[in-house]
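The values are calculated or read from the model by the stated rules, or taken from the named source; none is laboratory data. Quick caveat: nothing in here was measured; it's all calculated off a predicted structure. As a convention, Cβ positions derive from the backbone with ideal geometry for all residues, glycine included, and neighbour counts pool all protein chains shown. When the accessible area is computed, the model is the full protein with side chains, heavy atoms only, and any ligands, DNA or RNA have been set aside. Shrake-Rupley method; radii C 1.70, N 1.55, O 1.52, S 1.80 Å.
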Amino acid sequence: MNIISPSILAADFGYLADVVGKAEKAGADYFHVDIMDGSFVPNISFGVPICEAMDKITDVPLDVHLMINNPEKYIEKFKEAGADIITFHQEAYYDINKLVDIIHENGMKAGISIKPHTDISVLEPAFGNADMFLIMTVEPGFGGQKYMDSCTNKIRDLRNALSAKGLDTDIEVDGGITKENIGTVLEAGANVIVMGSSVFKGNIEENVKYFKDVMNK
Ligand code: DX5
Ligand code: ZN
């Protein structure tokens, strides 16, 4: 199933409930909540309180992307804050299956992300255990960057590697997805599509509807 996960990093926080409500009404399947610590990535976004606010604002599942060091310390906190899916970075934790298990024990789905220069082979030990793999298509840290074309083959290779094992695990893509390249990432095998600027800049309802149409063709 194809899923659209608008990233609230690009939302106007002065009107968070309003803009999230618009995206929800237009058909957002998840909301992507980007947590940055200024250490794993060179930027600080927001933390647990915004996740709690999102939980109050919307019934749509919260897809929490932890771009932080020591992610294991915060699993319960984000669970309490309303997270439904937690994705952590392979580069930030030494035993990916252990952390997937901890997330599952807390009743959430677990995703594992890799940065653009990390090889997909590091994900293989978690095939069949993780619920989702997130291929970053920009260097994590900031919204509004340009999609890195070199990542398209990683999506395709990961989809092929999963299929070869009889798995149809979700592949999420995140960073620089636009009207111009959404077809490329879908064709390569991604099915959970994160979009910040492409949803929240301009007419939110029209943007979500446009992408939903493309994804459901
Ligand atoms: C970047 C974040 C992304 C970001 C995407 O580090 O992980 O989720 O919000 O924003 P756009 O779609 O504007 O590239
Ligand atoms: Zn993200």
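Ordering 210, 94, 147 by accessible surface, largest first, gives 94, 210, 147; the 1.4 Å probe counts only protein heavy atoms, with every chain in place. Each residue of the stretch 121-131 was assigned a 3J(HN,Hα) from its phi angle through the Karplus expression (A = 6.51, B = -1.76, C = 1.60, θ = phi - 60°), giving 4, 5, 7, 4, x, 9, 4, x, 10, 5, 8 Hz with x at Gly and Pro. Once the Cα-Cα distance is subtracted from the 0.36 nm per residue extended length, the residue 129 to residue 210 segment shows a gain of 25.9 nm. When the pairs 25/165; 77/217; 165/212; 25/146 are compared against a 31 Å limit on Cα-Cα distance, 25/165; 77/217 fall above it. Site pair residue 101 and residue 160 shows an inter-label distance of 3.3 nm when each label is modelled 7 Å from Cα along Cα→Cβ.
Comparing 93, 74, 15 in a Gaussian network model of the chain (Cα springs below 10 Å), the most mobile by mean-square fluctuation is 15. Taking the Cα centre of the stretch 40-166 as origin and assigning +1 to Lys and Arg Cβ atoms and -1 to Asp and Glu Cβ atoms, the resulting dipole is close to 300 debye.
Between amide H atoms placed 1.01 Å from N, distances below 5 Å from residue 46 occur with 36, all of them 5 or more places distant or on a separate chain. Computed with a 1.4 Å probe over protein heavy atoms only, the accessible area of residue 136 comes to about 10 Å². Surface composition of the chain: carbon plus sulfur atoms hold 48% of the accessible area, using a 1.4 angstrom probe and ignoring ligands, DNA and RNA. Of the residues 96, 57, 35, the one that moves most in a GNM of the chain with alpha-carbon contacts below 10 Å is 57.
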